[in-house]
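Structure record follows, encoded as structure tokens.
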Amino acid sequence: MKEHKGILVFAEQRAGKLSSVGLELLGIGRKIADKQQEELAAVLIGHKVGPLADELGEYGADKVYLADNPLLDVYRSDAYTILMQEVIQQYKPNILIMGATCIGADLAPRVAAKVNTGLSAHCVGFDIDDQGRFVGQVPGFGGAVMASVICPNHYPQMATARPGFFEKLERQKGRKAEVVKVDVKFKEEDLKIKVVGTFVEELKSRPLEDADIVVAGGYGVGGKENWKLVEELAGVLGAGVGATRPPCDEGWADLERQMIGQSGKTVRPTLYIGVGISGAMHHLVGIKNSKVVVAINKDPNAPIFQAADYGIVGDLCQIIPRLIEAMRVSS
Amino acid sequence: MKPINSVVCIKPVPDQRFWDKVSLDKKTKTLRRTGIPIALGPLDKNALEEALRIREASGGKVTAISMGPPGTEEILEWAIVLGADEAVLLTDRAFAGADTWATAYALAWGIKKLGGADVVFFGNESLDGSTGQVGPQVAEFLDMPHVTHVNKLDLVGEDALRARFHIEHGFIDVEVKRPVVIAVEKTINEPRCPTLWGTIWLRERKIIRWSADDVGADKAKIGLPGSPTQVSDVITIELKRKSEILSGEPSDVARLLVQKLQADSVLPKG
Ligand SMILES: Cc1cc2nc3c(=O)[nH]c(=O)nc-3n(C[C@H](O)[C@H](O)[C@H](O)COP(=O)(O)OP(=O)(O)OC[C@H]3O[C@@H](n4cnc5c(N)ncnc54)[C@H](O)[C@@H]3O)c2cc1C
Ligand SMILES: Cc1cc2nc3c(=O)[nH]c(=O)nc-3n(C[C@H](O)[C@H](O)[C@H](O)COP(=O)(O)OP(=O)(O)OC[C@H]3O[C@@H](n4cnc5c(N)ncnc54)[C@H](O)[C@@H]3O)c2cc1C
């Protein structure tokens, strides 16, 4: 019998709310677990987060390792590493996946070094190869290349997954996971990191990652005034507004909420419309999962046309108003 | 205030202006980077800047360290020109092919040989591999706490730092006792420009070269053999789509596009 069994995912939560990526991980994990006929477990760490365990069960977890303690209220790498190590030693998983969020990317490499195993970084795809090895698809060079990374002789085989790239499962009301309590054996004095404050912004609108249609503007939009055109087009379509990096640097758009690409968000809409965007690899990796891509650019040689399903060559100031009209008429 | 000694880890990365020249060797499944100039990673400049600022505030020493082939000296020279007191190059064929675990192991042993540090700085992620894993892994090997995604850093009290850990839509402020590993983001500071003085310092300083034996690294834990991960395949990404160009008068193409999108069922039919 194999010594290392089961798939374990890190169910990141902040302020008592499960992160979307945690549920996406359960989606990935469930598929692998079913294929391998293994169990899917989640680690849940925090304070007063017990009720979230039920939610994890409904999204596909068979088992939930729950560490609930006031010391765990806010994330800190030292405390969370101790608990991850504890669960790994108890459960001996074959595979461990965490989200490549700020917290996940801070915690996963530390855990990997602690338990002496390899870690594939911010994967955008997973597979089990014919030898039963866990393969992570790791993008590099701004997304221009993709490496298949394996970890053949160390356990657990660890990876972080890029948020927004994977689908969560349909929630199954009433599906139950077995809850296993994990004891917290340390005290505040044992920890080297002290939390002195936290701040989380209230999100007013739906995050861009969840939008069905995304209209994104680039440097070619040319200014704050024209940016309103982009927003108007999005308004007609009920779309989210995204951006490349330059509009964020210029202050037309918000870097944190709107930038799409390697260092920003990954979107997966059914329709993406990019205007005044040249099509740098850094941006394109973030729209790769769109169903249909439309590009509007005045330069017929702009690389984005190669990566688009439909292209319109022309000045956006003339095209967008006509497009808004046509969309209005049709709806 | 007690002087604070910092070590800054800097990585040689292929100059981004030449990335289209990086090619894939289909046989060996490795990336060919020969002839591509190397550069100091952008975030590593922020890391160095933060170390220099700490030195200005509290005294102490700044050491730059890098693991890479002999040509890496170039970026270490840059670090000195920008103000580092000393620079160390870990270079040895045995280090080649390292994943982040084995890279971190080698750097940790180099830092130990330097006698440790009060703060070890990293860029949050490198330009090319950009896993962001090396910093926290060095921290584990040196048994230091770590904070990544740092966009604000202040000295507090006799022996601590206050760091702002930037997370999605917010931040967590933490206080950590030194020694500590810090990985910085671009927004933490504005890196300085080189001065004429820097080039003069460079003439007086030598770059220290250490091999795997010099730092006492276990050969089974470095380079390709010491790496728990392996790259089983590398492909270049195909982002090509059907690329159908619609042409005509703006109002005609607009209507045409709407029809196409409706036919594809991505827009509701009117
Ligand atoms: C490490 C790193 C990470 C990065 N991460 C990201 C990332 O996550 N996301 C990101 O987007 N970028 C990122 N970038 C930047 C990226 O490399 C490109 O610089 C950026 O995506 C270009 O944005 P753009 O296409 O809007 O601008 P440009 O490249 O300047 O293109 C503007 C386009 O607009 C067209 N145009 C101009 N006027 C008009 C008009 N009137 N009508 C129609 N078209 C017009 C032009 O023909 C041109 O093609 C990153 C860069 C680095 C170095
Ligand atoms: C396409 C691609 C995918 C890869 N995928 C993986 C993977 O999934 N898992 C894995 O373990 N390895 C992977 N690697 C290998 C990894 O990139 C190398 O191990 C590399 O030496 C260090 O990782 P990094 O560039 O990601 O560094 P990061 O962790 O992103 O670098 C952060 C900081 O660490 C410091 N640093 C990094 N390297 C050095 C150095 N040589 N000398 C001094 N300071 C340094 C710098 O301060 C840098 O800013 C991949 C490489 C490529 C090209």
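No lab work stands behind these numbers, since they all come straight from the coordinates. Because the structure is predicted, anything quoted here is derived from the model rather than measured. FYI the Cβ positions are ideal-geometry reconstructions off the backbone, even for glycines, and counts take in every protein chain you see.
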Counting only complete DSSP H runs, which helices of chain A cover 15 Å or more along their long axis at the Cα atoms and score a mean Kyte-Doolittle of -0.5 or above?
A:20-36, A:77-91, A:102-114, A:224-237, A:316-330
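In chain A, what percentage of the DSSP-assigned beta bridges are antiparallel, given to the nearest 5? If you can, show how the numbers build up before the last one.
Working: 11 of 56 bridges.
For chain A, the DSSP antiparallel bridge percentage is about 20.
Can you give the extra length, in nm with one decimal, that the chain gains between B:ASP214 and B:ASP252 once fully stretched, where that is 0.36 nm per residue apart less the Cα-Cα distance? It would help to have the intermediate numbers written out before the result.
Working: separation 38, 0.36 × 38 = 13.68 nm, distance 7.16 nm.
Between B:ASP214 and B:ASP252, full extension yields 6.5 nm more.
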Note down the nm distance, to one decimal, between modelled labels 7 Å out along Cα→Cβ at A:ARG206 and at A:ASP249.
3.2 nm
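Nearest 5 is fine: what % of DSSP beta bridges in the range B:6-221 come out antiparallel, could you say? Intermediate values should be presented prior to the final figure.
Values: 20 of 44 bridges.
Given both bridge residues lie in the range B:6-221, the antiparallel proportion sits at roughly 45 percent.
So for each of A:118-129, B:31-42, B:195-206, A:55-66 I average, over its residues, the number of other beta carbons within 10 Å; can you give me the resulting order with the highest mean first?
A:55-66, A:118-129, B:31-42, B:195-206
Is the shape of the range A:225-295 best called rounded, prolate or oblate, per the rule: a/c under 1.5 gives rounded, else a/b larger than b/c gives prolate, else oblate, with a ≥ b ≥ c the square roots of the Cα gyration tensor eigenvalues? Please report the intermediate quantities before stating the final value.
Details: a/c = 1.60, a/b = 1.06, b/c = 1.50.
Since a/c reaches 1.5 but b/c is at least a/b, the shape of the range A:225-295 is classed as oblate.
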Could you give P(r) for the range A:1-76, binned at 10 Å from zero, as whole percent values over all Cα-Cα pairs?
21, 51, 23, 6, 0
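Rg/Rh for the range B:6-221: what does it come to with C-alpha atoms and Rh from Kirkwood?
Working: Rg = 16.9 Å, Rh = 17.6 Å.
Rg divided by Rh gives 0.96.
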Rg in Å to one decimal, and Dmax rounded to a whole Å, for the range B:78-200 via C-alpha atoms:
15.4, 44
Part-to-part distance (alpha-carbon centres) for the range A:119-166 and the range B:103-158, which is given in Å
24 Å
Under 5 Å between amide H atoms, partner at least 5 residues away or on a different chain: which partners does B:TRP210 have, H built in plane at 1.01 Å?
B:LEU89, B:LEU90, B:THR91
Please quote Rg/Rh for the range B:12-109 to two decimal places, taking the Kirkwood radius as Rh and restricting both calculations to Cα atoms.
1.02
Within the range A:146-161: backbone nitrogen closer than 15 Å to the A:GLN85 label point (7 Å, Cα to C-beta)
A:156
Per 5 Å bin, what is the whole-percent P(r) computed from every C-alpha pair distance within the range B:162-270?
2, 6, 7, 6, 7, 8, 12, 12, 10, 7, 6, 6, 7, 4, 1, 0
Mean other chain Cβ within 10 Å across B:147-154 is 2
Using DSSP, restrict attention to beta bridges with both residues in the protein assembly as shown and report what percent are antiparallel, rounded to the nearest 5.
40 percent
Sequence-distant aspartates and glutamates (8 or more away, or on other chains) whose Cα lies within less than 14 Å of B:LYS152:
B:GLU49, B:GLU50, B:ASP173, B:GLU175, B:GLU185, B:GLU190
Given H placed on each backbone N at 1.01 Å, which residues far from A:VAL292 in sequence or on other chains put an amide H within less than 5 Å of it?
A:LEU271, A:TYR272
For the range A:265-331, the percent of all C-alpha pairs falling in each 10 Å bin, from 0 up to the bin holding the max distance, is 22, 50, 27, 2
Proximal charge balance of B:LYS45 [Cβ under 11 Å; K/R count +1, D/E count -1]:
-2
On the principal axes of its Cα set, how long, how wide and how thick is the range A:208-330? Give whole Å, largest value first.
36, 28, 27
Mind checking the alpha-carbon convex hull of the range A:7-190 and giving the volume per residue in Å³?
111 Å³
In a solvent-free Debye calculation with one equal scatterer on each Cα, what is log10 I(q)/I(0) for the protein assembly as shown at q = 0.08, 0.12 Å⁻¹, listed in the order of the q values?
-0.59, -1.28
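Please work out the ratio of the alpha-carbon Rg of chain A to 2.2 N^0.38 Å and round it to two decimals.
Values: Rg = 21.8 Å, N = 331, 2.2 N^0.38 = 20.0 Å.
With N residues counted in chain A, Rg over 2.2 N^0.38 Å equals 1.09.
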